[in-house]
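The values are calculated or read from the model by the stated rules, or taken from the named source; none is laboratory data. All values derive from a computational prediction rather than experimental measurement. When we count neighbours, we look across all protein chains shown, and the Cβ atoms used for this are built from the backbone with ideal geometry, even at glycine. The area values use the complete protein model at the heavy-atom level, side chains included, leaving out ligands, DNA and RNA. Shrake-Rupley method; radii C 1.70, N 1.55, O 1.52, S 1.80 Å.
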Amino acid sequence: MNERWRDVARATGLVAADGSVRPTIFAEMSALAARTGAANLGQGFPDEDGPTWIRELAARAALGGENQYPPGRGIAALREAVAAHQARHYGIEVDPESEVLVTAGATEALTAVILALAGPGDEVLTLEPFYDSHAAAIAMSGATHVTVPLVPGASGFRLNTAALDEAAGPRTRLILINTPHNPTGTVLTGDELAAIAAAAQRTGALVVTDEVYEHLTFDGAKHTPIAALPGMRERTVTISSAGKTFSLTGWKIGWASGPAEAIDAMLTIKQFLTFSGGAPFQPAIARALTDGDADIAALRDTLGTRRDLLLHGLAEAGFTTMRPDGTYFVCADASPFVTDERPDGAAFASWLTEHVGVACIPLAAFCREGSPTAAALANWVRFTFVKDEATIRTALERLAALKRS
Ligand SMILES: *Cc1c(COP(=O)(O)O)cnc(C)c1O
């Protein structure tokens, strides 16, 4: 089959058994939740908008005349703010002129870097489970998707470094990681990052790192960008976005920073994906990155409290959970509730939404169909805590009935 969109559909689990294309699991579960009145802990977007002062800046920019195409690389103020942010938080120096690119969310940055630098015959390595757009962009590029599992254990979902060493070889063009990690909530440790850096150095691969949850960590867990490791600045493209950090996911302001050659390559692709966008949002996010630390701290505190509430309630209901160090998500093993009528996490998630009134997402949706990791995580589901406390409490009251069903 030569239709690339079918490869994308297959890579992201969008092909139904009869060969037709179906909606994403996120859309499917949200629609089911809406139809049944379920508390939606499935799709991970905030139900509270970001800080008023940042939204006012964007409104003023729109009314003040910033409504035409911004430059393809992004406005200077935002590129400078990204560079200052990387220096202030992580000690990483990047040149805002040549080493920063503003994109239509992290999604466009991810797609642009993969289309720019990988193609047929190349391998792109990712963690598994993985964020769906990673698999989609790899399929669009025609490269082969190779995965390395995150394995649940006593200290959370951890990288299998032996599998990484085995998987990384001469055809590995990109190693695409995500930390803090969606869906598992894992924040990669210094040792794990060092193993990834070593694999990149051994194979000559470029590392692409998706750090959209960089500020959303809990219990003092510290996010370290792999670009901050010795020798890695020159072989890493770091991607982030304002969506998760400032609860402004609909603005789609993202960015990449890294070596000028990689940024130039991305710009060439980005030029013909969107060219540019978000004119009034760019100056607002430039200010948010500079002056928004207190807002970020407040969001982190709120999310931390809701994470604990959800973890406690899930444990009470009989799930085995993994305590996430970051992100919006808790993963839970639903094995105690899997039966002949609902034989895996996917069937359990549909049943839970319809009959208990709580929506979640099966972890298999973040795995390659039929992979060993998909089999190992077949009974696992993901719940989000980026919802107001009343929604979480309603969900937990309903889940408490599970033990009796
Ligand atoms: C939400 C999310 C993105 C998408 O970011 P946008 O800025 O909305 O494009 C990318 N990666 C991960 C892991 C995400 O959870």
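On C-alpha positions alone, give me the angle between the axis of helix 105-117 and the longest principal axis of the chain, in degrees, nearest 10.
70 degrees
What list of ³J(HN,Hα) couplings, whole Hz, do you get for the range 148-164 from phi and the Karplus terms 6.51, -1.76, 1.60, once you set θ to phi - 60° and write x for glycine and proline?
Whole-Hz 3J(HN,Hα) from phi for the range 148-164: 10, x, 9, 10, x, x, 4, 10, x, 7, 10, 5, 7, 6, 5, 5, 4.
How much accessible area per residue does the chain have, in Å², with a 1.4 Å probe?
Solvent-accessible surface per residue comes out at 40 Å².
Number of Lys pairs in the chain with C-alpha atoms less than 30 angstrom apart, excluding same-chain neighbours closer than eight positions?
Close lysine pairs under the 30 Å cut-off: 9.
How far, in nm, would the chain grow between ALA390 and PHE45 when pulled straight, counting 0.36 nm per residue and subtracting the alpha carbon separation?
Residue separation times 0.36 nm, minus the Cα-Cα distance, leaves 122.6 nm.
Applying the Karplus parametrisation 6.51 cos²θ - 1.76 cosθ + 1.60 with θ = phi - 60° to the phi angles of the range 263-278, what ³J(HN,Hα) value in whole Hz is obtained for each residue in order, glycine and proline being reported as x?
The phi angles translate into 5, 4, 4, 5, 4, 4, 6, 4, 3, 10, 8, 10, 6, 7, x, x Hz.
Over the range 143-252, what portion of Cα pair distances is larger than 19 Å, expressed as a whole percent?
45 percent
Under 5 Å between amide hydrogens, which residues at least 5 positions from THR144 or on another chain qualify, with H placed 1.01 Å from N in the peptide plane?
GLY121, ASP122, GLU123, VAL124
Tally the DSSP beta bridges in the chain and give the antiparallel ones as a percent, rounded to 5.
Once the DSSP bridges in the chain are tallied, antiparallel ones form about 55 percent.
Which cross-chain or sequence-distant (5 or more) residues have an amide H under 5 Å from the amide H of ALA39, H modelled 1.01 Å from N in plane?
For ALA39, the qualifying residues are VAL358, ALA359.
Report the accessible area of THR36, computed with a 1.4 Å probe over the heavy atoms of all protein chains in place, in Å² rounded to the nearest 10.
In the full protein context, THR36 sits at about 60 Å².
Add +1 for every Lys or Arg and -1 for every Asp or Glu among the other residues with Cβ under 12 Å from the Cβ of LEU14, and state the total.
-1
Roughly speaking, what is the stretch gain from THR274 to GLU93, that is 0.36 nm per residue apart minus the C-alpha to C-alpha distance, in nm to one decimal?
Residue separation times 0.36 nm, minus the Cα-Cα distance, leaves 62.4 nm.
How large, in percent, is the carbon and sulfur part of the accessible surface of the range 1-50 at a probe radius of 1.4 Å?
52 percent
Probe 1.4 Å, all protein chains in place: accessible area of ASP340 in Å², nearest 10?
140 Å²
Report the residues of the range 29-57 in range of a label on ALA298: point 7 Å along Cα→C-beta, backbone N strictly under 14 Å from it.
Counting only backbone N, you get 48-56.
When the Kirkwood radius is taken over all Cα pairs of the chain, what Stokes-Einstein diffusion coefficient follows at 10 °C and 1.306 mPa s, in µm²/s?
Here the translational diffusion coefficient equals 73 µm²/s.
Restrict the search to the range 63-103; then list the GluC sites (Glu not before Pro) that DSSP places in a loop and that have at most 15 other Cβ atoms within 10 Å of their Cβ. Walk me through the numbers before you get to the answer.
Values: sites: GLU66, GLU80, GLU93, GLU97, GLU99; in loops: GLU66, GLU93, GLU97, GLU99.
Here the GluC sites (Glu not before Pro) that fit, given the DSSP loop and packing criteria, are GLU93, GLU97.
Using only alpha carbon pairs under 8 Å that are at least six residues apart, calculate the relative contact order of the chain and give it in whole percent.
This gives 24 percent for the chain.
Taking a probe of 1.4 angstrom, what is the accessible area of PHE329 in Å², to the nearest 10?
0 Å²
So what's the net charge close to GLU97: Lys and Arg +1, Asp and Glu -1, counting the other residues with Cβ under 12 Å from its Cβ? Mind dumping the intermediate values first?
Numbers: positive: ARG73, ARG79; negative: GLU80, ASP95, GLU99, ASP264.
Result for the neighbourhood of GLU97: -2.
Taking only DSSP H segments of four or more residues, each worth -39500 (n - 2.57), what value at 222 nm results for the chain once the sum is divided by all its residues, to the nearest 500 deg cm²/dmol?
Calculated at 222 nm, the ellipticity per residue is -12500 deg cm²/dmol.
Mind ranking MET140, MET266 by accessible surface for me, highest first, 1.4 Å probe?
From most accessible down to least: MET140, MET266.
How do TRP251, TRP5, TRP380 rank by accessible surface area computed with a 1.4 Å probe, from largest to smallest?
The ranking, largest first, comes out as TRP5, TRP251, TRP380.
Let me check something: with ligands and nucleic acids excluded, how do ASP308, ASP191 order by accessible area (1.4 Å probe), largest to smallest?
Putting ASP308, ASP191 in descending order of accessible area: ASP191, ASP308.
Against the longest alpha carbon principal axis of the chain, how many degrees, from 0 to 90 and to the nearest 10, is the axis of helix 52-63 turned?
Taking Cα atoms only, the helix is inclined about 50 degrees.
Which angle between 0 and 90 degrees, to the nearest 10, do you get for helix 190-203 versus the longest principal axis of the chain when only C-alpha atoms count?
60 degrees
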